[in-house]
Amino acid sequence: MIIKKSEYAVSAVKESQYPKDNFPEIALAGRSNVGKSSLINTLINRKNLARTSSQPGKTQTLNFYRINGEFYLVDVPGYGYAKVSQKKRQEFGEMIQDYLETRENLKGLMILVDGRHEPTQDDIAMYQYAQYLDLPILVVATKIDKIKKSQVNKAISVIKKSLGLRDKDQLLTFSSVQKFHLAELQGWVEDRLED
Ligand code: GTP
Ligand code: MG
């Protein structure tokens, strides 16, 4: 995939604010701090178009980035961040649910899990929810630069096992630092846009 142009388009908390130009969309979900915004930047080869932070809870709205004037990458607020108030968490949950359940332009969902750890209950719930919605799913194990090469296969099998990964869903290991598997990731996006 050749990224000719990438631009921030809009932030939305409700349907009336979603883009209206009817381009296909690929969304990213995952726990706070797992590396969603970083993955977007890596994918489009920009340092900080999607705002990242070492503090969890950075992304608080659905952020739409228009790529090549053809499709959107949608950065979704992270779940599972304990310091977010109960009320805010519920609002985030409803915002994400509304988007994932109603958006016809949505062509695929990347679910990011931390490659260093066993998936959490929230990760498992998100994976099952995406199956229920019948979305094309790519599981991405992030921050893979932080584990020893010799431990990568073990980490992959732990993730596959705890998610109960289906044969039809791919899992990619990824690092925004080393840009590991970038071509595969872009390839998956391209395939979804053509489906
Ligand atoms: P929220 O917006 O809070 O949901 O977080 P997020 O999932 O968007 O995470 P973000 O991309 O902001 O990254 C969180 C932190 O992890 C930042 O300090 C990043 O630099 C770091 N990080 C992200 N991806 C990687 C990676 O592949 N390797 C390493 N070593 N650090 C990473
Ligand atoms: Mg973010």
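Bear in mind that the values in this text are calculations on the coordinates, not laboratory data. The model shown is predicted, which means the values in this text are computed figures rather than measured ones. Cβ sites come from the backbone with ideal geometry, for glycine too, and all protein chains shown count toward neighbours.
What is the set of long-range amide H partners of Gly30 at a cut-off below 5 Å, with H atoms built 1.01 Å from backbone N?
Tyr79, Leu112
Summing Lys, Arg as +1 and Asp, Glu as -1, what charge do residues with Cβ under 12 Å from the Cβ of Tyr18 carry, Tyr18 excluded? All intermediate terms of the calculation are to be shown ahead of the outcome.
On the way: positive: Lys14, Lys20, Arg103; negative: Glu15, Asp21, Glu25, Asp98, Glu104.
Result for the local shell: -2.
Of the options Ile26, Ile111, Ile159, report the single residue whose Cα projects farthest towards the positive end of the charge dipole of the chain (beta-carbon charges: Lys, Arg +1; Asp, Glu -1).
Positive-end residue among those listed: Ile159.
Projected area of region 70-146, taken from the Cα convex hull and averaged over every viewing direction, in nm²?
Numbers: hull surface 24.7 nm².
Approximately 6.2 nm², given one-decimal rounding.
Given region 6-194, what percent of its DSSP beta bridges are antiparallel, to the nearest 5?
Numbers: 12 of 33 bridges.
Here the antiparallel bridges make up roughly 35 percent for region 6-194.
Compute the Cα gyration tensor for region 8-97, then decide on rounded, prolate or oblate, letting a ≥ b ≥ c be the square roots of its eigenvalues: rounded whenever a/c is under 1.5, prolate when a/b is larger than b/c in the other cases, and oblate in all that remain.
oblate
Report, please, the projected area of the chain averaged over directions, based on the convex hull of its C-alpha atoms, in nm².
Numbers: hull surface 40.9 nm².
Mean shadow area of the hull around the Cα atoms is 10.2 nm².
Based only on Cα atoms, what Rg/Rh ratio does region 84-195 have, Rh being taken as Kirkwood's radius? Numbers along the way, then the final one.
Working: Rg = 14.8 Å, Rh = 15.1 Å.
Using only Cα positions, Rg/Rh for region 84-195 is 0.98.
What whole-number distance in Å separates the alpha-carbon centres of region 116-195 and region 28-55?
Cα centroid of region 116-195 versus Cα centroid of region 28-55: 15 Å apart.
For the cross-link pairs Lys88/Lys146; Lys107/Lys179; Lys4/Lys88; Lys83/Lys149; Lys4/Lys36; Lys87/Lys146, which exceed 26 Å when the distance is taken from alpha carbon to alpha carbon? List each step's numbers first, then the result.
Working: Lys88/Lys146 31 Å; Lys107/Lys179 24 Å; Lys4/Lys88 36 Å; Lys83/Lys149 33 Å; Lys4/Lys36 21 Å; Lys87/Lys146 34 Å.
The pairs that break the limit, which is 26 Å between Cα atoms, are Lys88/Lys146; Lys4/Lys88; Lys83/Lys149; Lys87/Lys146.
Provide the packing ranking of 111-117, 85-91, 36-42, 133-139, i.e. peptides ordered by the mean count of other C-beta atoms within 10 Å per residue, highest first.
Numbers: 111-117: 22.0, 85-91: 11.1, 36-42: 23.7, 133-139: 17.9.
The peptides rank, most packed first, as 36-42, 111-117, 133-139, 85-91.
HN-Hα J couplings of region 52-64 from phi, Karplus 6.51/-1.76/1.60, θ = phi - 60°, integer Hz, Gly and Pro as x?
So the Karplus estimates, Gly and Pro as x, are 10, 7, 6, 8, x, x, 5, 7, 10, 9, 6, 10, 9 Hz.
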